[in-house]
Structures are given as C-alpha cells and as structure tokens.
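Q: Can you read through this structure? Questions will come right after.
Please treat every number below as a calculation from the coordinates, not as lab data. Quick caveat, the model's predicted, so the values are computed rather than measured. Cβ placement follows ideal geometry from the backbone for every residue including glycine, while neighbour counts extend to all protein chains displayed.
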Amino acid sequence: MKSNSTSKSVSKKKASGGMLETVKTIVYAVLIALVVRTVAYEPFNIPSGSMIPTLLVGDYLFVSKFTYGYSRYSLPFGLPLFSGRIYLPFSRLPERGDVVVFKLPTDPSTDYIKRIVGLPGDHIQVRHGDLYINDQLVPRKEDQSCIDKEAGPFIVQLGYRESLPRGSGGGSVQHCIIKEFGFGGREDGPLDNTPVYDVPADHYFAMGDNRDNSQDSRVLSAVGYIPNENLVGQAQFIFFSTDGSAHWWEVWKWPFAIRYSRLFRGVS
C-alpha cells in the first residue's frame, strides 16, 4: 500500500509539473507576441475601399511599428506612459507616398490607413480633381492597369499613375489612384475642389488612393491633420487576402475565396 501511495504522489507531482510548464509556455508565448506587436510588426485588416486599388477590402497586412519610432499608440491600448515620439537610429520621418496606419485624431480608438501626401509646412489643395502641393501640380498619367478588377465594378472610373515628390531627399514615388467622373467627364465631386490646407508643424496630410470615396484629411471635421504622435506605423506587405465570398464556417469555399495573387505583396 505504501508503494502504491508513493506512486500516486509521484504521478500527481508530474501532472502538476506538466500543467505548470504548459502555463509557463502560454505566458511566454503571449509575452513574446505582445513584444513583437509593440516594437516590430502589427497585423491590420482592410475594412473599406478607400485605398483601392492599392489595398482591397479583405486584405490583411503587417505594419512596421519601428519605421517612425514609437509613440504612446505603439503600446497596447494606447497607454499614455509618455508623450511625443521616441526615435531610434534606424527610425525616420514619414515621407510623401508612405502608406500609414494612424489613430484617428477625432477618435483615437479608431485606426485609419491612408497615403501621406502632405508634410509639415506644406500647402495642399485639390483643384478640379488635380492635387497641388505647394502650388505645384502633382503629375499623373492615365493608366488603366491601375484599375483592379478584383476590387469590384465601378460606374465610371479611370485609373492614373500619380508621381508624388518624395520629400527633402528629392525624387518621386509613383502609385496608382482611381477617379470617378460625373456627367460629361467633369471632376466635380465634393472633394474635387477644396480650400488650401496649411499643414501645421508636427502634423501630416493624408488621402486615400480611391480619391472620390475616401474620408481623409480633406474632411477637417472627421479626420483633418494627423498629429505625428498618432502615427502607428508604415504598411509593409499583405500576408493574406480574401474576397469575402466564404464565411468562416464554409471551409469548402476557403480555397476559392483567397486572392492568391495578392499574398506577400509589398505595399507601395
């Protein structure tokens, strides 16, 4: 009986020891995930079409948290442990053309993703659908390859390749935009003719690539100028994409809902 009792005691110790190791493993995994999410990369998904054709609804992407340094919004839940940004040797300032995730200035609990077109001190205006930076027209050329058929049909649409001046380092960055046209081909939508926006110090101006269907910095009451502190990071690459034709429980439809051509595509 004594031997049997000892055997049970040893078994209980092994079981409790195994349970403790399992808990430790889970805790370590969660801590590692939190650290990676805070200082390296954070996943985001695209819920709206404001960045078509660059990003489609159903895209899942990784955002680099270290590109622009760290702010309170780099931390889980945006904990206000410090103000401003902490820059590291490999950090840099945002440049025109960067696709960024930021906390909405009017509601910091909401994430937005747009393209930076205006830097601190810039004067931004849209005239008859054309973008002007510091009173200089931003060149664009019609390019129908910019229309992504996977994004869905549009009534009247043209694709353009726009060339944004990069910044103090010179050069330019090209990216696709789409525009919708009214009767007679006029660009006379509500955001096609705007006042001049004077970007304040330590702020940025961002717009969606789907120019006529994007609530962005042009709408001052909803988005407006983006404080430097509100930047979460730079969009890097798409790791998964689905067209939404399969529900989570429709396992047999999953292979047909994945946009394979978009997997591991860089964001530019």
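Q: Could you work out the relative contact order of region 151-268, using alpha carbon pairs under 8 angstrom and six or more residues apart, expressed as a whole percent? Write down the numbers at each step before the final one.
A: Details: 142 pairs, mean separation 18.7, N = 118.
Across region 151-268, relative contact order equals 16 percent.
Q: Any chance you could check the Cα centroid distance between region 45-76 and region 77-109 for me, in angstrom?
A: Value for the Cα centre distance between the two parts: 12 Å.
Q: Additional query: Using mean Cβ contacts within 10 Å as the protection proxy, how do 49-61, 231-243, 132-144, 249-261 order, highest first? Numbers along the way, then the final one.
A: Numbers: 49-61: 22.2, 231-243: 20.1, 132-144: 13.2, 249-261: 11.1.
Ranked by mean Cβ neighbours within 10 Å, highest first: 49-61, 231-243, 132-144, 249-261.
Q: Can you give the FRET efficiency to the nearest 0.05 for Trp252 and Ser48, using r as the Cβ-Cβ distance and R₀ = 22 Å?
A: Details: r = 28 Å, r/R0 = 1.28.
The formula returns an efficiency of 0.20 here.
Q: Less than 9 Å Cβ to Cβ from Cys176, Lys/Arg counted +1 and Asp/Glu -1: what total charge do the surrounding residues give?
A: On the way: positive: Arg161; negative: Asp143, Asp148, Glu162, Asp209.
It works out to a net charge of -3.
Q: Sticking with this structure for a sec: Can you tell me the length gained on complete extension of the stretch Leu220 to Phe77, counting 0.36 nm per residue apart and subtracting the Cα distance? Could you put the intermediate results ahead of the total?
A: Numbers: separation 143, 0.36 × 143 = 51.48 nm, distance 2.51 nm.
The span from Leu220 to Phe77 would gain 49.0 nm if fully extended.
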